[in-house]
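Have a look at the structure below before the remarks.
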């Protein structure tokens, strides 16, 4: 069995999604927070939420976060 240095679900890809109280199914809005880095990004649509996650996935484990708040 090959050695796997990283978990299938690494902690650096753990998030909290806070949905605004005025969000609607067709107008998703809120904030995404990475639990490891503390970086926060607000989103105003489902597309923006997915784009934020995709940016984190594209960044390597040692790359500095891009955009958002520290």
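Values in this text are rule-based calculations from the coordinates and carry no lab data. Treat the numbers as computed from the prediction; the structure is a model and nothing was measured. FYI the Cβ positions are ideal-geometry reconstructions off the backbone, even for glycines, and counts take in every protein chain you see.
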(message) So, in segment 7-42, exactly how many residues are more than 14 Å from the chain's Cα centre (by Cα) and either touching a residue at least 24 places away in the same chain (Cβ under 8 Å) or assigned to a strand (DSSP E or B) (or both)?
(response) 2
(request) Report the residue count in segment 46-58 for those that are surrounded by 13 or more Cβ atoms within 10 Å (Cβ to Cβ) and over 11 Å from the mean Cα position of the chain (by Cα). (result) 1
